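One structure is given here, and the rest of the page talks about it.
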Amino acid sequence: MAHPKQVARFRRLAFQRREAAEVLLKQGYTTDAVYLAGYTVECILKALALSLWPQRQHAEMVASFRGRAAHDYEWIRRKYLMRVSIPKAVLTSLVLVGSWTPDIRYDTSRIDPRVADRFFADVKTVLDWCEGRIG
């Protein structure tokens, strides 16, 4: 199925960030991996939001994807996904991945591998659900 340009762009970004995050995780760079995996969720939620709104509103929506609030999954959900019924399993996964912020890029510690693995499992849950909605 063909998608409008911005939907396809954010979807592609999500999968690129996930792939890079998985490479980092396999190499033991857990903090860096979680950082990029967090962007995976941000990008796929934005792709989903764009897929649900009329294409004529996409430019304005993409412009709103700037600044600190645009990295906040709850902000994305409240602003653009309020009409979507999100399954309980996805909401549960969003609780852990919702702890992600771009500030993690300044963290010099290593995230425990078990925490990173759980984070990745929850990212996959969100990604799979969004992907199923986008088609």
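Nothing charged except the Cβ atoms of Lys and Arg (+1) and of Asp and Glu (-1): what's the magnitude of the dipole of region 33-135 about its Cα centre? Round to the nearest 20 debye.
In debye, rounded to 20, region 33-135 gives about 300.
Mean separation of Cα pairs under 8 Å and 6+ residues apart, divided by the residue count of region 6-71: what relative contact order is that in percent?
Computed value for region 6-71: 37 percent relative contact order.
Charges at C-beta only: +1 for Lys and Arg, -1 for Asp and Glu. How large is the resulting dipole of region 41-83 about its Cα centre, in Debye rounded to 20?
Here region 41-83 has a charge dipole of around 100 debye.
Toward the positive end of the charge dipole of the chain, about the Cα centre and with charges on Cβ (Lys, Arg +1; Asp, Glu -1), which of Q57, W100, L127 goes farthest?
In the chain, that residue is Q57.
As a test of the formula, what do you get for the chain when each DSSP H run with n ≥ 4 contributes -39,500 (n - 2.57) and the sum is divided by the residue count, at 222 nm and rounded to the nearest 500 deg cm²/dmol?
One gets -22500 deg cm²/dmol as the mean residue ellipticity at 222 nm.
Taking only the alpha carbons of the chain, what extent do you get along each of the three principal axes, in Å, biggest first?
Computed over the chain, the largest-to-smallest principal extents equal 43, 29, 26 Å.
³J(HN,Hα) across region 118-127 via Karplus (A = 6.51, B = -1.76, C = 1.60, θ = phi - 60°), whole Hz, x for Gly/Pro?
5, 4, 5, 4, 5, 4, 4, 4, 5, 4
Between L96 and R133, what length comes free when the chain is fully extended (0.36 nm per residue of separation minus the Cα-Cα distance, one decimal in nm)?
Length difference between fully extended and current span is 11.2 nm.
Working out 0.36 nm times the residue gap between M82 and A20, then minus their Cα-Cα distance, what length gain in nm do you get to one decimal?
Here the answer is 19.3 nm.
For helix 88-97, report the angle its Cα long axis makes with the longest principal axis of the Cα atoms of the chain; keep it between 0 and 90° and round to the nearest 10°.
Tilt relative to the chain: about 60 degrees.
Explain nothing, just compute: Karplus ³J(HN,Hα) = 6.51 cos²θ - 1.76 cosθ + 1.60, θ = phi - 60°, for every residue of region 39-50 in order, whole Hz, x for Gly and Pro.
Computed from phi, the couplings for region 39-50 are 5, 4, 5, 4, 5, 6, 5, 5, 4, 4, 4, 4 Hz.
With the contact rule set at Cα under 8 Å and sequence spacing of 6 or more, what percent relative contact order holds for the chain?
That works out to 33 percent.
Each value in this text was obtained by applying a stated rule to the coordinates, not by laboratory testing. Remember, it's a predicted structure, so these values are computed and weren't measured experimentally. Positions of Cβ are backbone-derived with ideal geometry, glycine not excepted, and every protein chain shown enters the neighbour counts.
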